[in-house]
Amino acid sequence: KQYASMPQLFHQDNYDKCMLLKDEALYCTFTYELQPLKVNNVSETWKIINKVSSDRFNYRHDNLRHGICVPFACPSNEKSNDTDTILSQRITNCYNKKFEKVGLKGTVTFLQCETNDPKYPIDWLDITVAIVCISYIVLIVFASFYEGVAKYKQETDYQKITTTRWGLVIAAFSIQRNWHRFKTIKSNPDIEKLRPFQGVRFYNMLIVIMSHTVLASMMLPVANTKYTETCISPTWYLALDTQYFVSLLFIIWFMKKYPRLIWPTLGCLLSINIVLTFIQNYKGNYALMLLPLPEVIYDMKNVLKNPQFHYQMTNVIGCASGPIMGLGYGYIFYKFKNQKLFTSNLMFHQILYYIISYGVGLGIVLLPGMFFIMNGAQHDPFWASLYIASSRPLFSFAIGYCLFGATQGLGFSSVLALRKYTDLRNINR
């Protein structure tokens, strides 16, 4: 009941209905920063707002994010638009009058308005992009028709047409040709051994889609804020950036040219990564983890402007342990792909596999976050930096062991190696 007594945090009028007003249409979005009407005698509503907003796992309920159709919500005889300095005061007065009865007032900030006139008129760049897109569609239609007609000819004639330089270019844009490539599942002994990877990729994509769906719902205005504030996941990162694909080619070349230096090189790279990550986190005095709090995730602005996000999620140093571990496990698979390493004392290896893969892998992600949130532990830069520096190498080690063990028949390898996951590999690339 107390929660429901607070002003609506998010509100949006009907935009399309507002635009039907033609010349009078004026739709504005803004943040209305609440404060008590009387500082020495605050209302019960303000006390509730202050109490709820003081919890970092809740939204700032003293900052209302509203979108209104001004002629309907705050009617006035004055003509104004988003460039008028009067408009902000006009909406402020309107909202102050609205919330006066519950002992609140406020100020309008981050005001942005739209009229019936396009804010960004079509220019030469838009026309250029449209021409390129239309030309590309025409090319695809022509290539599909050209390659399709050639397919009805004799096989030798078809090969002559599609193997020329012009034919290869055209066939590359043919829908039929690309569909055939998409359906074709090539196989060899190495691909068969790596089938568990396709299962992991499949389940990983499901987790990524579901987690990003939840995050997307938190980035936009939410009708039921109480639900969002009680359903926050403490861990949503530990992802491997694709920016290493190019840079690691040099390391792979070095590993192939100097096989004796493989483990010293990878060991040095991993050690340097751990030390630099620790120093970087300690110097920045960053927290144990970047929690997906409502006010942090909303509109993503507080995330993208946070240096901790860039140092830990998108930084070359912060994410390098995964690729380094991947090179090590890839080399192990290359050396022992035709050998069975865990035939003796299989039960012991199975237990060890589950402990490392799930105990270490899930534990390093979930347990520190649960302890940090539930116990309200105070921030300590040393232990936070130690966790940040060691968590990703440990997580990468556990996931690598999980995948390599599956290629050796350990764990749920039969489930991960189902044929349907191999058939779906072209979809979840």
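The values are calculated or read from the model by the stated rules, or taken from the named source; none is laboratory data. Just so it is clear, the structure is predicted and the values come from calculations on it, not from any experiment. In this analysis, Cβ positions are derived from the backbone assuming ideal geometry, glycine residues included, and neighbour counts consider all displayed protein chains. The area values use the complete protein model at the heavy-atom level, side chains included, leaving out ligands, DNA and RNA. Shrake-Rupley method; radii C 1.70, N 1.55, O 1.52, S 1.80 Å.
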message: If you average the C-alpha positions of the range 144-214 and of the range 85-112 separately, how far apart do those two centres end up, in angstrom?
response: 58 Å
task: Quick one: pull the percent of accessible area on the range 146-215 belonging to carbon and sulfur, 1.4 Å probe, ligands and nucleic acids left out.
output: 67 percent
- prompt: If the cut-off is 28 Å between C-alpha atoms, which lysines fall inside it for LYS1, apart from same-chain ones fewer than 8 positions away?
  reply: LYS38, LYS47, LYS51, LYS97, LYS98, LYS101, LYS105, LYS226
message: Can you give the FRET efficiency to the nearest 0.05 for TYR354 and SER54, using r as the Cβ-Cβ distance and R₀ = 41 Å?
response: 0.45
- line: Rounded to the nearest 0.05, FRET efficiency between LEU111 and LYS340 (Cβ-Cβ, R0 56 Å) equals 0.25
field: Under 21 Å from LYS151, Cα to Cα: lysines that are on another chain or at least 8 residues apart
entry: LYS160, LYS183
field: Cα centroid separation, the range 389-412 to the range 297-357 (Å)
entry: 7 Å
statement: If the chain between SER43 and ILE279 were fully extended at 0.36 nm per residue, the gain over the current Cα-Cα distance would be 80.2 nm
query: Using a Förster distance of 51 Å, how high is the FRET efficiency between HIS379 and PHE145, based on the Cβ-Cβ distance and rounded to 0.05?
result: 0.20
- prompt: So what are the ³J(HN,Hα) numbers for the range 305-313, from phi and the Karplus equation (6.51, -1.76, 1.60; θ = phi - 60°), rounded to whole Hz, Gly and Pro as x?
  reply: 8, 8, x, 4, 4, 6, 6, 9, 10
Under-5 Å amide H pairs with TYR286, H placed in peptide plane, nonlocal only: none
